Amino acid sequence: MKAIDALKQSNGRLISVEIEPPMVGRSIKEVFDVLDPLVGCGIAYVDITYHPEQIIGDVKVNGDSFPVSMRKKPGTVGVAGAILGRYGSRGVVPVPHVICTGFTKYSTEEYLIELGFLGVENVMALRGDPPRGMESEQSFCPAPGGHAHANELVMQIADLKRGIYVGAESGESIDFCVGAGCYPEGHSESRSLAEEMDWLNVKVDAGADYLTTQMFFDNQAYYHFLNRCARARINVPIVPGLKPLTSTNQLRVVPEIFGCSIPDELARRVQKYRNKPDDVRRVGIEWCVEQCLDLRKNNAPSLHFYAARNAPIIEIIRAL
């Protein structure tokens, strides 16, 4: 099933999650250990992150140095196939990420073709982070012959629906449902919320079927964002992305990495138990459950949870 069809049929009850592939040397069992209980609770689809290569050293050949790179979390395609094989009969589908970082248009096409051969029908199109070592640069630098913006990537995926290929004059249609990202509190590189809304409109016009937000902890940020999207005539489903805080350290780290604010009340509750890790975890779960109940009350299309790094998503779903 395509994610957009599931969203339209869900009446707000649909739940999805995002996971990461295992680290190099780890087993696919790690993925199954996370997903087995979540599938038992009725999740509908699983986003799978894609991790670009990073330089880990160099090798010398005839006196010349050549960089050596690797992906520390490879296997996005393999994990998608494993999810189809293990959970496909139960209606759970994979949504592998497709990113601009490190990809040419040709390698993007090869990646999408492999996903199509597996029977994958859904992808999440994202620009991705700057290549490792370039995080301090002011602007994202695409791979030579690659995409600089997510809307360009969305357009290439949409072209495949029409049988338009980069590496062939024509071909068979590959009909992906395309998700894309959005930022209720603004992207760190945006000059203004108005400019960001213009770019979001371009992304939707390029072929994004639905949007999933960056994580947020204040539902009002999501509701204000929905109002801005409505004024901009963006009519696709906008799925709220959620993650519970589980440590005091995340009060600082999460805003730094993801650009989302922490409400004063949540920070106060967490700090109250700063020397009691189990109580901090409980507070984070309770806050996220409160968010979910309010979002459902206000007709959010579904709930999407970032389930990486042992996030207690199963406790939240059971509480709901």
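The values are calculated or read from the model by the stated rules, or taken from the named source; none is laboratory data. Quick caveat: nothing in here was measured; it's all calculated off a predicted structure. Heads up, the Cβs are rebuilt from the backbone with ideal geometry, glycines too, and the neighbour counts pull from every protein chain shown.
Flag set for GLY179, criterion: part of a strand (DSSP E or B) and under 30 Å from PRO263 (Cβ atoms).
Residues in the range 76-129 that are among the polar types (S, T, N, Q) and in contact with a Phe, Trp or Tyr (Cβ under 9 Å, 6 or more places away or on another chain): THR76, THR101, ASN122. State all residues of the range 259-294 that are touching a Ser or Thr at 6+ places or on another chain (Cβ under 9 Å) and either closer than 20 Å to PHE225 by Cα or among the acidic types (Asp, Glu) (or both); if no residue qualifies, say none. Within the range 259-294, just GLY259 meets the criteria.
Under the condition of being in a strand (DSSP E or B), modelled with pLDDT under 95 and in contact with a Gly (Cβ under 8 Å, 6 or more places away or on another chain), the residues counted in the range 8-58 number 2. Among residues of the range 289-302 that are touching a residue at least 24 places away in the same chain (Cβ under 8 Å), those with a beta-carbon under 8 Å from a residue that is of a type in the set (S, T, N, Q) and outside any loop (DSSP other than H, G, I, E, B) at least six positions away or on a different chain give the pairs GLN291/ASN219; ASP294/ASN219; LEU295/ASN219; ASN298/ASN219; SER302/SER16.
Just one of the listed residues (TYR111, TYR106) is at pLDDT 95 or above, under 23 Å from THR212 (Cα atoms), surrounded by 13 or more Cβ atoms within 10 Å (Cβ to Cβ) and of a type in the set (Phe, Trp, Tyr), namely TYR111. Does PRO263 qualify as being in contact (Cβ under 8 Å) with a residue 40 or more places away in the chain and not acidic (Asp, Glu)? So PRO263 fits the description; yes.
Yes/no matrix, rows are residues, columns are (1) surrounded by fewer than 20 Cβ atoms within 10 Å (Cβ to Cβ); (2) on the phi > 0 side of the Ramachandran plot; (3) at pLDDT below 95:
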| site | (1), (2), (3) |
| --- | --- |
| LYS276 | yes, no, no |
| ARG282 | yes, no, no |
| GLN291 | no, no, no |
| ARG296 | yes, no, no |
| ASN299 | yes, yes, no |
| LEU303 | no, no, no |
| PRO312 | yes, no, no |
| ILE316 | no, no, no |
| LEU320 | yes, no, yes |
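For the range 187-204, a residue qualifies if it is under 17 Å from the mean Cα position of the chain (by Cα) and buried (at least 16 other Cβ atoms within 10 Å of the Cβ), and the qualifying residues are HIS187, LEU200, LYS203, VAL204.
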